[in-house]
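K.L.:
One structure follows; several queries about it will come next.
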Number of protein chains: 2
Amino acid sequence: MSSFRDDGAAALEWVASYLERVREYPVLSTVEPGRIRAALPPAAPEAPEPFAALLRDLDEVLMPGITHWQSPRYFAYFATTGGEPGILAELLIAGLNQVGILWRASPALQELEEVTLDWLRQLLGLPDPLHGHIEDTASSGLVTALAAARAARPERRVVVCSEHTHSSTTKAARLLELELRTVPADGTHAMRPDLVDLSNACALVATVGTTSSAAVDPVSLLADMTAAEGVWLHVDAAYAGAAAVCPELRHHFAGWERADSIGVNPHKWLFTPMDCSAFFSRRPDDLRRAFSLVPEYLRVSEDVVSLSEYASPLGRRFRALKLWATLRCYGREGLQAILREHVRLAALFESWVRAEPGWTVCAPRHFSLVCFRRDGGDEENEALLRRVNDSGEVFLSHTRLDGHYVLRLAIGNARTAEEDVRLAWDVLRREAAAL
Amino acid sequence: MSSFRDDGAAALEWVASYLERVREYPVLSTVEPGRIRAALPPAAPEAPEPFAALLRDLDEVLMPGITHWQSPRYFAYFATTGGEPGILAELLIAGLNQVGILWRASPALQELEEVTLDWLRQLLGLPDPLHGHIEDTASSGLVTALAAARAARPERRVVVCSEHTHSSTTKAARLLELELRTVPADGTHAMRPDLVDLSNACALVATVGTTSSAAVDPVSLLADMTAAEGVWLHVDAAYAGAAAVCPELRHHFAGWERADSIGVNPHKWLFTPMDCSAFFSRRPDDLRRAFSLVPEYLRVSEDVVSLSEYASPLGRRFRALKLWATLRCYGREGLQAILREHVRLAALFESWVRAEPGWTVCAPRHFSLVCFRRDGGDEENEALLRRVNDSGEVFLSHTRLDGHYVLRLAIGNARTAEEDVRLAWDVLRREAAAL
């Protein structure tokens, strides 16, 4: 154990020092495809190597290929945070190496998962009872939701979603051989309920905070419709769901308490390291109908339903421990303070764009994502984004809205301060002027 | 960062000290269902709590609910090891918090995953080229394999497997609405090729090292049959695959080099912390046909296929880093030494059972799993297992073979020594005598 303690101290110092100087790195990796691969040995070593060699190669070989999701100047896709409590919890998780194939294989894993998901349910203002479990990603959660919906109404083979629903719904529908019926969006990029057709539908996927523009589908209206038709309503709030921790933002979620299932990703905007995707359901029996299966070698005498009976994977990591660490070490007040600051910074950035001639805000801003563009052609905006990201100072991404190439600034890193957002705006204007 | 350094040092010391005294804990948790839940607060705290409070509650509240997978006296299901290199790698993984949604989001993540999977391919003696990626579990890998098989032959809706194939195949077939055709096994619990009917089959799942008894299906014969019929052959070697690192054990795998896909879990018998399931395929284009889907907001200029195009989840953790750490810090020789010792210990235990009147070995032993029982009724064996596990000294599990309740002793923890296996045998005989 002496080498474990020494190696561990070196690994810990590596992480502490990385987090201190993360602002110094170019945010988006600039390596060419294949360069990292070429710099690595073609085969595993014959003899054991010291852990120190790994830390050295992490610095020398891998770091140029790292895109710095931990940087406060990361504004692409949805910005995230591997918060300190969750980072250290991952060390504990690996040290304990629990494999939650069934309750007795780790009662603590299962019951902590149930309890922390219930804590999260309360933080989000969702009603009791709601069954909660953790998936790796929202994509897997979509498979779980649609599989349960299909099991509940096996004769209905259509999934209804909006043109802005995340691609994971398309992917899940393809896996489950369900037909996708796409509903056009309105001017705010939200699903138009007047165009929803639920015939033959087993499920409708509504989104609070779409990936393109963080648009909000009219969940309450949609819930009326799905309830009347007995159609499974899944609410994908993978990114925006965290905002419900703040009561003043809950109006965006009106109606989600009536959903059959809900996905919220603490690894997106709730400061939990990748991966941790919360899945809530009012209908756990339908999840079990789709997934439960207990072979002889897993049969036990306890009268407990194992969490593996609610989704595809049999084995599960002790992810609950990092969610527990995150919720406790930030506390409700700490989470709210960061979420509110992110929303304030996004509103500030939005106000700068609105006030500047030659720039346009392209979508309503509900949370911490701003969609905007420079007046002019798509090529100009695409070139602008390339120059901005090539500078290494900040990293933004794009989408397409109403036929236009649109830039996205997503705030979600717990270390992002006003100066970082200000820098993004300065770099954008500087590169636009230089174009 | 000062509190991160202090908290981190405390977490590291917690893990080091846990691993030193892991033999002292009762291996199987003895808590009643609901006890951990009842000991936890009903809601998340309002104000932030120190990380030290978490470590305290880990000891006082959670530890009674931990089943000690890290114990050298854990012999249930398949014994595993969260090895030290992988534990520390998890700290780095969380610190970097890479989210591999596409290549540019982390070139290092994608290329290290490709390289370490190729290292593993070579260690296993598998041919080049073979596309590799990491899944969370073998269950997810089964979904990937069967979805690709279905996409390749959409008109064929049958999956063929043996009566001893792992339940994840049944689960995946149900998810994909494929019909399962179960082939009877022979006296060694291996699939009988003379009873295989491939009509309308899109896939056949063969197993090297079944979960019940580590039986080996006749992969070479089955590969001849599937190749002739154009049926996808998936080889599930989740547990036993690691043994192929030792050339003298490779004869068990003859033919797997012709499989369309193969699953091997480094988190099972290759000393990598949960979760890390390797998936190899000769037909990556069929995986992409089933799963590839690139929406506008993920479109980039690089001509690179992202790993998310080969399976369900979009986001992925930097799992490759822990596999890299494990393969480097053990080295080929280090891995072989532990695997060989495990096989030697299993053979030794088997010889003790064979030599002892009143006990019977119930299946051929190919790897590190011994299936055995006390002569007598199922109730007696079931009661014996309960007494053994209640002692807390060791933990074994059971299965059912040829209609009998059978005990399983699985060796797979890197810290397991001969004295631990001897203890298991002593406890078994002591409790059998006391029955």
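K.L.:
Net charge near B:Asp275: determine it from the other residues with C-beta under 13 Å of the C-beta of B:Asp275, scoring Lys and Arg +1 and Asp and Glu -1. Let's see the in-between values first.
P.N.:
Details: positive: A:Arg316, A:Arg317, A:Arg319, B:Lys268, B:Arg316, B:Arg317, B:Arg319, B:Lys322; negative: A:Glu90, A:Glu135, A:Asp136, A:Asp275, B:Glu90, B:Glu135, B:Asp136.
That works out to +1.
K.L.:
Per residue, how much accessible area does region A:87-327 show when a 1.4 Å probe rolls over the protein heavy atoms, in square angstrom?
P.N.:
Values: 6000 Å² over 241 residues.
Per residue, region A:87-327 has 25 Å² of solvent-accessible surface.
K.L.:
Between the label point of B:Arg340 and that of the same position in each other copy, find the distances and list them shortest first in nm, with every label point placed 7 Å from Cα along the Cα-to-C-beta direction.
P.N.:
6.5
K.L.:
What fraction of the DSSP beta bridges in the protein assembly as shown is antiparallel, stated in percent and rounded to the nearest 5?
P.N.:
Antiparallel bridges make up about 60 percent of those DSSP assigns within the protein assembly as shown.
K.L.:
Relative contact order (percent) for chain A, with alpha-carbon contacts under 8 angstrom and 6 or more residues of separation? Walk me through the numbers on the way to the answer.
P.N.:
Values: 788 pairs, mean separation 92.6, N = 435.
Averaging sequence separation for qualifying contacts and normalising by length gives 21 percent for chain A.
K.L.:
For chains B and A, what's the summed buried accessible area, probe 1.4 Å, to the nearest 100 square angstrom?
P.N.:
Details: alone 19460 and 19460 Å², together 26490 Å².
Summing both chains' loss of accessible area gives about 12400 Å².
K.L.:
Residue by residue through B:109-121, how many Cβ atoms from other chains fall within 10 Å of the Cβ on average? Can you show the working numbers first?
P.N.:
On the way: counts 5, 4, 12, 7, 0, 4, 9, 2, 0, 5, 6, 1, 1.
Average neighbour count from other chains, rounded to a whole number: 4.
K.L.:
Excluding same-chain residues fewer than 8 positions from B:Lys268, which lysines have a Cα within less than 28 Å of its Cα?
P.N.:
Output for B:Lys268: A:Lys322, B:Lys171, B:Lys322.
K.L.:
Leaving ligands, DNA and RNA out of it, rank B:Glu177, B:Glu155 by accessible area with a 1.4 Å probe, largest first.
P.N.:
On the way: B:Glu177 70, B:Glu155 115 Å².
Ranked from most to least accessible, the order is B:Glu155, B:Glu177.
K.L.:
Express in whole angstrom the spacing between the alpha-carbon centres of region B:383-401 and region A:200-216.
P.N.:
A separation of 49 Å, based on Cα centres.
K.L.:
Also, quick follow-up: Sorting check: for B:189-196, B:262-269, B:115-122, which peptide has the highest mean count of neighbouring beta carbons within 10 Å, and how do the rest follow? Don't skip to the end; give the middle numbers.
P.N.:
On the way: B:189-196: 19.0, B:262-269: 30.4, B:115-122: 22.2.
Listed from highest to lowest mean packing, they are B:262-269, B:115-122, B:189-196.
K.L.:
In whole Hz and in residue order, list the ³J(HN,Hα) couplings for region A:195-202 that follow from phi through the Karplus curve 6.51 cos²θ - 1.76 cosθ + 1.60, θ = phi - 60°; x for Gly and Pro.
P.N.:
Couplings: 9, 6, 10, 9, 4, 6, 7, 9 Hz.
K.L.:
I've got another one for you. Applying a 10 Å radius around every beta-carbon, put A:157-164, A:226-233 in order of their mean neighbour count, most first. Working shown, then result.
P.N.:
Working: A:157-164: 22.0, A:226-233: 18.5.
Result, highest mean Cβ count within 10 Å first: A:157-164, A:226-233.
K.L.:
Which percent of the accessible area of region A:87-327 is formed by carbon and sulfur heavy atoms (probe 1.4 angstrom)? The partial results should precede the final answer.
P.N.:
Details: 2970 of 6000 Å².
Answer for region A:87-327 is 50 percent, counting heavy atoms of protein chains only.
K.L.:
Okay, next question. Return the single residue from B:Leu314, B:Leu348, B:Leu40 with maximal mean-square fluctuation; model: Gaussian network over chain B, springs between Cα atoms under 10 Å.
P.N.:
Of B:Leu314, B:Leu348, B:Leu40, the Gaussian network model singles out B:Leu40 as fluctuating most.
K.L.:
Find every distance from the label point of B:Ala53 to the corresponding label point in the other copies (7 Å from Cα along Cα→Cβ) and write them in nm, one decimal, shortest first.
P.N.:
Computed spacing set for this position: 4.5 nm.
K.L.:
What does the charge add up to near B:Ala173, with Lys and Arg as +1, Asp and Glu as -1, over the other residues with Cβ less than 15 Å from its Cβ? Walk me through the numbers on the way to the answer.
P.N.:
Numbers: positive: A:Arg150, B:Arg150, B:Arg153, B:Arg156, B:Arg157, B:Lys171, B:Arg174, B:Arg181; negative: A:Glu177, B:Glu163, B:Glu177, B:Glu179, B:Asp236.
Counting the neighbours of B:Ala173, the net charge comes to +3.
K.L.:
Taking a 1.4 Å probe, which of B:Glu393, A:Glu24 shows the most accessible area, and what order do the others take after it?
P.N.:
Numbers: B:Glu393 60, A:Glu24 145 Å².
Putting B:Glu393, A:Glu24 in descending order of accessible area: A:Glu24, B:Glu393.
K.L.:
Pull out the extension gain between A:Arg157 and A:Glu382, defined as 0.36 nm times the separation in residues minus the alpha carbon to alpha carbon distance; nm, one decimal.
P.N.:
Residue separation times 0.36 nm, minus the Cα-Cα distance, leaves 77.1 nm.
K.L.:
From the label point of A:Ala39, set 7 Å from Cα along Cα→Cβ, how far away are the matching label points in the other copies, in nm, ordered shortest to longest?
P.N.:
Values, ascending and in nm: 4.7.
K.L.:
Which semi-axes, in whole Å and largest first, does the equivalent ellipsoid of chain A have when worked out from the alpha carbon gyration tensor as the square roots of 5 times its eigenvalues?
P.N.:
Values: eigenvalues 231, 208, 77 Å².
After diagonalising the Cα gyration tensor, the semi-axes are 34, 32, 20 Å.
K.L.:
Compare A:Thr170, B:Thr165 by solvent-accessible area with a 1.4 Å probe and give them largest first, with all protein chains kept in place. Intermediate values should be presented prior to the final figure.
P.N.:
Working: A:Thr170 50, B:Thr165 15 Å².
From most accessible down to least: A:Thr170, B:Thr165.
The values are calculated or read from the model by the stated rules, or taken from the named source; none is laboratory data. Quick caveat: nothing in here was measured; it's all calculated off a predicted structure. Note that each Cβ is placed from the backbone with ideal geometry, even for glycine, and that neighbours are counted across all protein chains shown. Quick note on the areas: whole protein, heavy atoms, side chains included, nothing else; ligands and nucleic acids left out. Shrake-Rupley method; radii C 1.70, N 1.55, O 1.52, S 1.80 Å.
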